[in-house]
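Structure first, commentary second.
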Amino acid sequence: MRIAVFGATGPTGRQLTDQALAGGHEVVAVVRRPGALPARAGLTVAVADATDPAAVDAAIGGTDAVLSALGARFAKAAVTTYSASATAITGAMERHGVERLLAVSSSVADPAWRPTGAHFFNHVLDPLVNRRLGRTLHEDMRRMETVIRRTDLAWTLVRPSGLFDHPRVTDYHTAETSADGVFTARADLAASMLRELEERRYVRTAMGVVTTAARPNIAKLIWTEGVKKR
Ligand SMILES: NC(=O)c1ccc[n+]([C@@H]2O[C@H](COP(=O)([O-])OP(=O)(O)OC[C@H]3O[C@@H](n4cnc5c(N)ncnc54)[C@H](OP(=O)(O)O)[C@@H]3O)[C@@H](O)[C@H]2O)c1
């Protein structure tokens, strides 16, 4: 397949690109910073801001499927990256007759998501980090989900829990709507998306994905996700 990957310079997007190429796919990495990705066999780089409909249209032409790992930072002000890019991407897909879309959202988009046995997370971290500091970001993620749900495309909303880096794909778990777990390794998130691309078990619904076979180092996680990236 020839797959457009949005957010290909981000940590999940890099996993998606690497795993897709290793799996024999061609990848069109859609990036806003030319030169950010080294050239490789099977990889084409298209330069586009994901919220620019004309640039996105040009990038999507000739592809068979679109995977999005786009992301934005926490902000006090309204976030629009998710909904604006979803509008641009789905519009271009409809025009080009590309029907398969997998877009990364979050477990937080499921209002009923409360991982089992995670008392401190459910009662302290989730309300503080996701619902307060990440409020405007998650509001826009929900708008993105609405934009995508309203299309006739063969979409899958992919909902990971707290992301961390792990060197290998593990025996991850997926479930409809959201999955029961606090963490998702980016390698597993990418692997689950590429598997779902082939298997089509979660078409026109949400797929939760969590990692249970490995856990992040919490101090390292706070540093990489909470301090370094913000
Ligand atoms: N962190 C968590 O615990 C967690 C939990 C659940 C879900 N998620 C979601 O999972 C997704 C992936 O997260 P991640 O941490 O792996 O990646 P990330 O650091 O959020 O990467 C974001 C990617 O999106 C690109 N991007 C942002 N705005 C763009 C625009 N207007 N046009 C083109 N590209 C744009 C960035 O490009 P540049 O390199 O040019 O900036 C980068 O490649 C995000 O949506 C995140 O919110 C995260």
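Please treat every number below as a calculation from the coordinates, not as lab data. Only a predicted model underlies this, so the values are computations on that prediction, with no experimental measurement involved. A quick note on method: Cβ atoms are made from the backbone with ideal geometry, for glycine too, and the neighbour counts reach across all protein chains shown.
Things to note:
- Per DSSP, loop trypsin sites (Lys or Arg not before Pro) in region 35-142 with at most 10 further Cβ within 10 Å: Arg73, Lys76
- Using C-alpha pairs under 8 Å with a sequence gap of at least 6, the mean separation divided by the residue count of the chain gives a relative contact order of 19 percent.
- With the helix formula -39500 (n - 2.57) applied to DSSP H stretches of n ≥ 4, the chain reaches a computed 222 nm mean residue ellipticity of -9000 deg cm²/dmol.
- Cα gyration tensor, region 68-223 - rounded (a/c under 1.5), prolate or oblate: oblate
- Long-range amide H partners of Val158 with built H, under 5 Å: Ala103, Val104, Ser105, Met207
- For region 17-88 versus region 179-198, the gap between their alpha-carbon centres in whole angstrom: 18 Å
- From phi via Karplus (6.51, -1.76, 1.60), per-residue ³J(HN,Hα) for region 207-213 in Hz, x at Gly/Pro: 10, x, 9, 9, 10, 10, 7
- If you run the Gaussian network model on the chain, springs between alpha carbon atoms under 10 Å, then out of Gly71, Gly13, Gly62 the most flexible one is Gly62.
- Rel. contact order, % - alpha carbon contacts under 8 angstrom, at least six apart, region 133-230: 33 percent
- Assigned charges on the beta-carbon of Lys, Arg, Asp, Glu; region 2-228 dipole about Cα centre (debye): 600 debye
- Surrounding net charge for Leu37, when Lys and Arg each add one and Asp and Glu each subtract one, Cβ distance under 11 Å: +2
- Counted by Cβ distance under 15 Å from Ala55, the other residues give a net charge of 0, where Lys and Arg count +1 and Asp and Glu count -1.
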